[in-house]
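Here the structure comes first, spelled out in C-alpha cells, and everything after it is commentary.
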Amino acid sequence: MTIAFVNNQLHLGGAETVMNQLRAGVERAGHVTRCHIAHGKRYPPDVQPLYPRWLSRLSHSRLHPLIERLFPRAVWTDRAFRRLASGDAGVVHVHNFHGDYATVPSLAHLARRKPVVWTFHAFWGITG
C-alpha cells in the first residue's frame, strides 16, 4: 500500500518529528510512502513539494513579496493537495492541517475519494 504523508514542513517541530517517525515505521513495515510538504526552501529528492521547487527557492529571497503576489503559495498548495485525490496513494495522512496548505473544502474533496487519517497536533481541527 502507498501512504501519502502531508505536512507544512519537513523538519521543524513536533508534528514534523511525528510524521517522520510514522513514515519510517510504515516503510519498515513494507509500505511505500510519499511525503508532500507545503513550505520549504529546498526539498530532498524523495519529498514532493506542494509548491513548485523553483517558486520555493524564489520565495525565500528578496523577491518574496513579488512571488507571493504573482504565485500565491496557498492557491498552488491547495490545488496540489486536491490532486492527491486522484493519485496512487491508498491512504492520505495529514499532519498540522489548519488551513495553511489546503482549505477545509479541499480536505472534504479528498476525504470523499480516499481514506484520510488526520493526526491532531493542535486544537485547530476542533476549535477552528
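The values are calculated or read from the model by the stated rules, or taken from the named source; none is laboratory data. It should be emphasised that the depicted structure is a prediction, and the values quoted were computed from it without experimental measurement. As a convention, Cβ positions derive from the backbone with ideal geometry for all residues, glycine included, and neighbour counts pool all protein chains shown. These accessible areas exclude ligands, DNA and RNA; they are computed on the full protein's heavy atoms, side chains included. Shrake-Rupley method; radii C 1.70, N 1.55, O 1.52, S 1.80 Å.
Annotation note: trypsin sites (Lys or Arg not before Pro) in region 1-58 located in DSSP loop regions with a Cβ neighbour count of at most 14 within 10 Å are K41, R42. Around the Cα centre of the chain, unit charges on the Cβ atoms of Lys, Arg, Asp and Glu (plus for the first two, minus for the last two) sum to a dipole of about 340 debye. Going by Cα centres, region 81-106 and region 10-42 are how many Å apart? When both Cα centres are located, 14 Å separates them. Sorted into 10 angstrom bins from 0, the C-alpha pair distances of the chain split as 13, 44, 35, 8, 0 percent. With all protein chains in place and a 1.4 Å probe, the accessible surface of region 32-128 carries 60 percent carbon and sulfur. Just checking the listed ones, T103, T77, T17: in the Gaussian network model of the chain with Cα springs under 10 Å, the one fluctuating most is T17. Short-range pairs are left out: with C-alpha atoms under 8 Å and at least six residues apart, the relative contact order of region 66-121 is 43 percent. Along its principal axes, region 1-47 has C-alpha extents of 30, 21, 13 angstrom, given from the largest down.
Note the full-extension length gain between L12 and R42 as 0.36 nm times their separation in residues minus their Cα-Cα distance, in nm to one decimal. Walk me through the numbers before you get to the answer.
Values: separation 30, 0.36 × 30 = 10.80 nm, distance 1.36 nm.
Length gained, L12 through R42: 9.4 nm.
Rolling a 1.4 Å probe across all protein chains gives W118 an accessible area of roughly 80 Å². When the chain is treated as a GNM with alpha-carbon contacts under 10 Å, the residue of L66, L107, L50 showing the greatest mean-square fluctuation is L66. Given R0 = 35 Å, the distance between the Cβ atoms of R62 and Q21 translates into a calculated FRET efficiency of 0.45.
Across H93, H60, H36, mean-square fluctuation computed from a Gaussian network of the chain (C-alpha pairs under 10 Å connected) peaks at H60. Over the chain, calculate the relative contact order: mean separation of alpha carbon pairs under 8 Å at least 6 apart, over the residue count, as a percent. That works out to 28 percent.
A dipole drawn for region 18-128 from +1 and -1 charges on Cβ atoms has a positive end, and of F97, Y51, L66 the residue lying farthest that way is L66.
Leaving out ligands and nucleic acids, and using a 1.4 Å probe, what accessible area per residue does the chain come to in Å²? Intermediate results must be reported in sequence, preceding the final value.
On the way: 7020 Å² over 128 residues.
Accessible surface, normalised per residue, equals 55 Å².
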